[in-house]
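Starting off with a structure, shown below.
The values are calculated or read from the model by the stated rules, or taken from the named source; none is laboratory data. Note that the structure is predicted; figures quoted are calculated from it, not measured. Methodologically, a virtual Cβ is constructed for each residue, glycine included, from the backbone with ideal geometry; neighbour enumeration extends over all protein chains shown. The protein model used for the area step is the full one, side chains on, heavy atoms only, and it has no ligands, DNA or RNA in it. Shrake-Rupley method; radii C 1.70, N 1.55, O 1.52, S 1.80 Å.
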Amino acid sequence: MDHHDGSVVHGPGGLRLRRWHEEDLSALLEAYEDPAMRRWLATQVSGADGAVAWLEAQRRGWATGTRFAFAVTETVPGARQDGGPEGEPLGNVVLKRPGPGDGRAEVGYWTTSAARGRGVASRALTALTEWAFTEFAEQGLTRLELLHQVDNEASCRVAEKCGYALARVIPALPPAYPLDGHVHVREAPPAALSRPAGRRAEAAGTGGGRASGR
């Protein structure tokens, strides 16, 4: 079991970020049938084998400490906090780290069609951001970056709403990235840099354009 295996993060408005489960396979496949997902995401999931491979990639990421993906759910009345009915995933948020000791990491997200227009993306990204700066403060994490394709205006709004300022424009790299991209940046708050080791995010409770789907 990896160090962060039991991580659960509670976000604004009743959101709950938790590990992806094998039981989420059908919901994952349904999410990737959305045309918007096919347009914006660099990584596509197709068929049961593809969904299984995606879930395995998330598990490996947690195990190696390089990729921390959370299924975004809403608190269900009567749900058990130890894993009991948790509701269908509304999306995915992910923190990608090059390795321990690196001061920078990348965040990304996607939401299902049913979740859009309710502030799910911004609330989930806020929760992930606070968790990341708390959980990895001792390892020197001081900067988070969010990338999206320049024409993904919705991701631009989410980034700015969550305090990720536009830092620079990166040039297109066809054919994979046919348009320029935006890089948004958020620096760790002073409180996160000085927070005692014991105060982890669980206690605190809180994929270009393509980056929003990573």
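Scan region 47-94 for residues that are in a strand (DSSP E or B) and at pLDDT 95 or above and jot them down.
In the first step, residues of region 47-94 are kept if they are in a strand (DSSP E or B); the result is 67-74, 91-94.
The answer is Arg67, Phe68, Ala69, Phe70, Ala71, Val72, Thr73, Gly91, Asn92, Val93, Val94.
Another question, if that's okay. Being touching a His at 6+ places or on another chain (Cβ under 8 Å) and open to solvent by less than 40 Å² (accessible area, probe 1.4 Å): is that true of Ala71 here? It would help to see each step written out before you state the result.
Numbers: touching a His at 6+ places or on another chain (Cβ under 8 Å): yes; open to solvent by less than 40 Å² (accessible area, probe 1.4 Å): yes.
In short, yes.
Conditions (1) modelled with pLDDT of 95 or more; (2) open to solvent by 40 Å² or more (accessible area, probe 1.4 Å), marked per residue:
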site: Pro100; (1), (2): no, yes
site: Ala127; (1), (2): yes, no
site: Gln139; (1), (2): no, yes
site: Val158; (1), (2): yes, no
site: Ala167; (1), (2): yes, yes
site: Leu179; (1), (2): no, yes
site: Ala192; (1), (2): no, no
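I would also like to ask the following. Across region 34-79, what is the number of residues that are over 25 Å from Thr129 (Cα atoms) and hydroxyl-bearing (Ser, Thr, Tyr)?
Of the residues in that region, 1 qualify.
A further question follows. Looking at region 10-34 only, could you name the residues that are in a helix (DSSP H, G or I) and open to solvent by 60 Å² or more (accessible area, probe 1.4 Å)?
Restricting attention to region 10-34, the residues satisfying the condition of being in a helix (DSSP H, G or I) are 12-14, 22-31.
Within region 10-34, Gly13, Glu22, Glu23, Ser26, Glu30 qualify.
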